[in-house]
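Heads up, the thing below is written out as structure tokens.
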Amino acid sequence: NERSLQVEAQLQVVQKLEEKERGLQSALGAVEKELSLRSQALELHKRKAVEAAQLAEDLRAQGEHVQARLRELQVCAAENRAAKDKESLSLKRAQ
């Protein structure tokens with residue numbers, strides 16, 4: 001009968017739509033999982049970037065400290081050389 005054929009056709013359409021929906025739900029689940037993993041990776045990279053920036057700042061400060069200490073030592077070495085030269089000159093005069 002024509003009515004039952006129509007019902008059968010509609011049931012097949014509904015079945016295909018349900019299958020398509022299951023496929024889309026599955027794809028959506030996979031995309032959501034991928035998004036979650038990428039979000040976690042992004043947060044990890046953000047933390048590493050902050051740590052790297054802090055390390056760079058610490059190293060810059062240490063470098064400045066070392067340069068300042070080096071300048072002090074250079075001044076001290078120059079003063080010692082000058083004092084040694086002066087004493088050497090005095091000894092030569094005394095001789």
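In the set Lys84, Lys92, which member is loosely packed, with under 10 Cβ neighbours inside 10 Å and more than 45 Å from the chain's Cα centre (by Cα)? Reasoning before the result, please.
Details: Lys84 fails: loosely packed, with under 10 Cβ neighbours inside 10 Å.
Only one candidate qualifies: Lys92.
With respect to the numbered conditions (1) under 20 Å from the mean Cα position of the chain (by Cα); (2) open to solvent by less than 100 Å² (accessible area, probe 1.4 Å); (3) not basic (Lys, Arg), which one is the sole condition not fulfilled by Leu28?
For Leu28, the failing item is (1).
The values are calculated or read from the model by the stated rules, or taken from the named source; none is laboratory data. Given the structure is predicted, the values throughout are model-derived calculations rather than measurements. Glycine gets a Cβ as well: all are built from the backbone with ideal geometry, and neighbour counts include every protein chain shown. Note: accessible area is taken over every heavy atom of the protein model, side chains too, but ligands, DNA and RNA are not part of it. Shrake-Rupley method; radii C 1.70, N 1.55, O 1.52, S 1.80 Å.
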